[in-house]
Amino acid sequence: MLLRMTSEPEQQSGPVGEPDGFGRLWTPHRIAYIQGENKPTGPGSDDGCPFCEAPRHSDEDSLIVARGTTVFAIMNLYPYNGGHLMVMPYRHVADYTELDDAETAELALFTKKAMTALRKASGAHGFNIGLNQGSAAGAGIAAHLHQHVVPRWGGDTNFMPVVGHTKVLPQLLADTRKMLADVWPESV
C-alpha cells in the first residue's frame, strides 16, 4: 500500500542521496487496479462481478453513459485515454461466441453510438476498439465480456505516457460521463 499519496511533484534522492532531477506525478488511483480491487472472486455473476453490479445503481453512480435492451455503455474506471468507454451485455457471459444475435447486434450498434458521441463531445480523430478474450489475452475482468472503445487524437502519445508512463486525463470521469450521455445519439 502506498503510504504517501499526492499529485504534487516531489524531488526524490538517488542512490547516493543526491536529487535525481526527476519530478514525480503520483497516480494513486491506479493502485486499486494494480491490487485487483473490485475484481470478481470467481467466474459467476454472483462472485462480485462489478459489471453485473453497475446496472443495479443509477447511471451517475455507476458511470453508465447509456442503457440499451441487452447491452450498456459505461466509463472505464482505469482509462487509457479520456472518454474511454466499455460496451457490454447485461448478461454475464465471458466469450463473444456466447452472445445471442440480439446482444451481438446491439453491441455493434452501441459501439457505433459510442464513436458518434465521442466524436461529437471531444472531437476524437480515431479509435481503438477491441475485446480482450480471457485473462491470457489481457482481460482484466475475463468473466464478463466487455468491448473497449478508446478515443484517440493525433499526437496523443506524447512524452507523459512514453517517458513518464502516466496518462494525464483532463476531466473527472463523472463529468465525462455526463458530457457523453448528453450527446448519446438515438440512432446512427
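Taken together, the values in this text are just the output of simple stated rules run on the coordinates, not laboratory data. Bear in mind that the values here come from a model prediction, so they are computed numbers and not experimental data. Every residue, glycine as well, gets a Cβ built from its backbone with ideal geometry; the counts of neighbours run over all protein chains shown.
At-a-glance table
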read-out	value
Gain on full stretching of the segment that runs from R152 to E60 - 0.36 nm per residue minus C-alpha separation	30.7 nm
Sorted peptide list for 93-106, 54-67, 73-86, 143-156, criterion being average Cβ within 10 angstrom, highest first	73-86, 143-156, 54-67, 93-106
Region 62-162 shape via C-alpha gyration tensor axes, a/c threshold 1.5	oblate
